[in-house]
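Novice: Take a look at this one; I'll ask things after.
The values are calculated or read from the model by the stated rules, or taken from the named source; none is laboratory data. Computed from a predicted structure; not experimentally measured. When we count neighbours, we look across all protein chains shown, and the Cβ atoms used for this are built from the backbone with ideal geometry, even at glycine. Calculation scope for accessible area: heavy atoms of the full protein, side chains included, ligands and nucleic acids excluded. Shrake-Rupley method; radii C 1.70, N 1.55, O 1.52, S 1.80 Å.
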Amino acid sequence: MKDPQEFGVLIVGDEILTGKRTDRHCPHVIDTLRSRGLQLAWARFTGDDRRRLVRELRQTGEDVVPVFCFGGIGATPDDQTRQAAAEAFDAPLVRNPDALAMIENRFGADAYPDRVLMADLPEHCALIPNAYNQVPGFSLYDHHFMPGFPMMAWPMLDWVLDHYYPAAPVQRQERSLRVFKARESGLLQLMQALVERHPDAGLFSLPHLGEVNTLEIGFRGEQGAVAAALADLAACLEQRELLFEACSGASDAKVIRRPAV
């Protein structure tokens, strides 16, 4: 397994693309990673078409980040993720004896003839235990395949992180300032200068339109780098006599209530 600080998410299922269900995995993964000092690099959504899913997995397999894949590992005809993973990573689909034992122990005679199909997994994959119903997920080439049901998948996500990806030794954070009556176009040169002076802090800019237009400017990264960049930003805004206040955990930043006279 890699030792990353970023991850990808692949959500599988026609029901997401048709609007019959709303994805809940992406927000949960973001929150879970953030609590461990990790973050999401990208997210993709795809349907249950096996050919398209194979293409997606081959592409994500070329990335440098591990991938959490939710959905499509069941036994019904529209569940194609197990088969697509086997094809994408050139691993024959075989009946995994450990997965078979788990399913037989849980369901007994009712495991046959259908539930045992969920023990047909890519050869040499590692199992992800499922405390909810004992039907495991699996890991293959830094891709971790879990069911689409949150009550099953989210404890499995925690298990994968606990066993393969420890919390980041250097905690990342996000801090920002809200600037009033400001436009991105008027602060582009300032933001570019901040990027050049603080290369280890990732700058972001979010306009908010309303009765009073505001612009949230902040940084993501290691604590020291973010603190230095935010202090620099606050000093520049004060020099320009712009109204701003702290947000997103930046409570120690100076707040200007009105422009200097």
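Novice: Less than 10 Å Cβ to Cβ from Gly218, Lys/Arg counted +1 and Asp/Glu -1: what total charge do the surrounding residues give?
Specialist: On the way: positive: Arg175, Arg178, Arg220; negative: Glu174, Glu216.
That works out to +1.
Novice: Report the extension gain between Leu206 and Arg51 in nm, rounded to one decimal, defined as 0.36 nm multiplied by the number of residues separating them, less their alpha carbon distance.
Specialist: Gain on extension, Leu206 to Arg51, equals 52.1 nm.
Novice: Take every DSSP beta bridge with both residues inside the range 48-161 and express the antiparallel ones as a percent of the total, to the nearest 5. All intermediate terms of the calculation are to be shown ahead of the outcome.
Specialist: Working: 9 of 13 bridges.
Around 70 percent of the beta bridges assigned by DSSP in the range 48-161 are antiparallel ones.
Novice: Let me ask something additional. By its C-alpha gyration tensor, with a ≥ b ≥ c as the square roots of the eigenvalues, how is the range 11-82 shaped: rounded for a/c under 1.5, else prolate for a/b larger than b/c, else oblate? Please list the in-between numbers first.
Specialist: Values: a/c = 2.25, a/b = 1.39, b/c = 1.61.
It is oblate, given that a/c is not under 1.5 and a/b is not larger than b/c.
Novice: Further question: Report the label-to-label distance for Arg24 and Gln239 in nanometres (one decimal), using points 7 Å from each Cα along the Cα→Cβ vector.
Specialist: Modelled inter-label distance: 4.9 nm.
Novice: Now for a different question. Between Glu15 and His124, what FRET efficiency follows from the Cβ-Cβ distance if R0 is 35 Å, with the result rounded to 0.05?
Specialist: 0.70
Novice: Still on this structure: Determine the calculated [θ] at 222 nm for the chain from helices alone, applying -39500 (n - 2.57) to every DSSP H run no shorter than 4 residues and normalising by the residue count; nearest 500 deg cm²/dmol.
Specialist: After summing the helix terms and dividing by residue count, I get -10000 deg cm²/dmol.
Novice: Report, in degrees rounded to the nearest 10, the 0 to 90 angle that the Cα long axis of helix 223-239 makes with the longest principal axis of the chain.
Specialist: Tilt relative to the chain: about 30 degrees.
Novice: What is the spread of the Cα atoms of the chain along each of their three principal axes, largest first, in whole Å?
Specialist: That works out to 82, 38, 30 Å along the principal axes.
Novice: Please report the antiparallel percentage of DSSP beta bridges with both residues in the chain, rounded to the nearest 5.
Specialist: That works out to approximately 65 percent antiparallel.
Novice: State the Cα centre-to-centre distance between the range 131-201 and the range 104-118 in whole Å.
Specialist: So the separation of the two Cα centres works out to 37 Å.
Novice: Next question, about the same structure. Choose one of Ala41, Ala86, Leu117: the residue whose Cα lies farthest towards the positive end of the charge dipole of the chain (beta-carbon charges +1 Lys, Arg; -1 Asp, Glu; about the Cα centre).
Specialist: Value: Ala41.
Novice: May I ask for the angle, rounded to the nearest 10°, between helix 25-35 and the longest principal axis of the chain, with both axes built from Cα atoms and the value confined to 0 to 90°?
Specialist: Taking the Cα atoms of the chain, the angle to 25-35 is about 60 degrees.
Novice: Considering only protein heavy atoms, what is the solvent-accessible area of Arg115 at a probe of 1.4 Å, reported in Å² to the nearest 10?
Specialist: 90 Å²
Novice: Also: Once the Cα atoms of helix 150-164 and of the chain are each reduced to a long axis, what angle between those two axes, in degrees from 0 to 90 to the nearest 10, is obtained?
Specialist: Taking the Cα atoms of the chain, the angle to 150-164 is about 80 degrees.
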